[in-house]
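Only one structure is covered here, and it is reproduced in the block below.
The values are calculated or read from the model by the stated rules, or taken from the named source; none is laboratory data. All values reported here derive from a predicted model rather than from experimental measurement. Here the Cβ positions follow ideal geometry from the backbone for every residue, glycine too, while neighbour counts run over all protein chains shown. When the accessible area is computed, the model is the full protein with side chains, heavy atoms only, and any ligands, DNA or RNA have been set aside. Shrake-Rupley method; radii C 1.70, N 1.55, O 1.52, S 1.80 Å.
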Amino acid sequence: RFSNGRLQQSDSLQFTVYRNKDKVHPRKKHRRILVSETERLSYVGNNFSSGVLKCNSLCRYFVGVLDKDSGQMDVYNAEIFNMQPLLSGRSRNAFKFSTEFPCASLWCAFSYCRLSTVWLLLLPHFCLLASAQRKEEMFTVCFEALHGVLVSCALQMDLCIEAFGTSKQKRALNVRRMNAVGSDVVSTAVSKAAANVIDAKGVTALIQDVAQDETQNISTVLPPCNEDAKTPEHVYKFEDILSPAEYEALQVPAAAFINITEEEIAKRTEDKSHCSFVLEQLKLLPAEGESREHKARCLWFLDTLVKFSYLKVIRRKHPMGPDCPHMISRKLMKNFSSLTYNNGSVQNLISMSMKAKITAYVIALALHINDFQIDLTVLQNDLKLPESRVLDIARAMHLRISKTKELPGLEDDQKHKLGTLSLPLPMQKASERQRKRKKMI
């Protein structure tokens, strides 16, 4: 049986069977290698490697030879060989030599490599006594011989593995050969497809498409930005973060922050029941009035966003508890989680892109809370994200990054990154990973 097609004309093929020379060993004496040659390819099959057909062990096959003169048929035992094309460029004689005389093949490979290596080591000494032109010729011969030694050694080693290697070595050899052929085909196809795309669209158009895709990907994560705004308040509008109806829904749960006392703030700070940014801002609440209520509502929603980012898979209908208004819970599920299908059911998942979106909205809301200047290090610790990730989002939101020390409530020795939203908006810069990638290209 041929692995890549059916045999149509059997007269054009020549088959040769090789038997193992060990006729005493109970397993080796039954080993056979079948080789067939055509004008274009050579095919090889055997009955002892890891890729042998299992049908030979499950049932018996017979071949009947009919004598036309006597009308009698002789029946013989038969085996099915899986014939695979030999793509390594070896001839049948080399294959025959390695299988019939494996020890001699190994010795020839070792001797050839050893003698060639000695000759290559002595060649530079002869070059010292030769002329300049002769030196160039001898070095050319040296490099060609070295390449031949490496190729021949690898080829002979493959022959030795096929002859008496372990099953694991033979499987590795087959996988390596298949990958070598597959990688050549894939690389050729990819290169051809890339050349066709470049010829059709051009390099400039492709660069513009990539830049447009990156802009679209960023815009799906960041809140709407008004780059033509006259004041920082209108760069990221408060209505785009919390709609009027959602803002009204926060009146009941935010009452706990409005009526909070200093003793309760100290207790919650000790219990760490809220994130650090919210606890620090609760100490700075206005004494009374609409400004206190407005800031309390914003802090409650920011704290809920941060806690929502800690979730991975949402299995409950109200993940933030019964105190969270239905409108706010629906907003979190709809805007800050993604649907996924797992084990026959639909679940809400907090993916990495959704966590980046939560971070962007937390930064935007914190800017409105703290007069458009925030400590990004505090938010980074609250959101449990790497510093580079938070800084990339802050730069994408046109924040100016600066360093400062000795902020209240944190370690004095730790350097903090401040993010400030001011006009005119700075140009967005590529992240460090993108700059390194451009340098490498």
Pick out, from the range 249-358, the helices (runs of 4 or more DSSP H) lying fully within it that include 1 or more residues that are open to solvent by 70 Å² or more (accessible area, probe 1.4 Å) and closer than 24 Å to residue 223 by Cβ.
290-309, 326-335
Whether any residue in the range 247-267 is more than 40 Å from the chain's Cα centre (by Cα), within 28 Å of residue 425 (Cβ to Cβ) and modelled with pLDDT of 90 or more is what I want to check.
yes
State whether the residues of the range 20-38 include one that is more than 19 Å from residue 162 (Cα to Cα), exposed (fewer than 10 other Cβ atoms within 10 Å of the Cβ) and either at pLDDT below 65 or hydroxyl-bearing (Ser, Thr, Tyr) (or both).
no
Quickly run through the range 216-248 and pick out the residues that are assigned to a loop (DSSP other than H, G, I, E, B), open to solvent by less than 40 Å² (accessible area, probe 1.4 Å) and farther than 22 Å from residue 352 by Cα.
229, 235, 236, 242, 243
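Looking for something within 46 Å of the chain's Cα centre (by Cα), modelled with pLDDT of 90 or more, within 30 Å of residue 346 (Cα to Cα) and of a type in the set (Asp, Glu) - is there at least one such residue anywhere in the range 296-316?
Yes, the conditions are met somewhere in the range 296-316.
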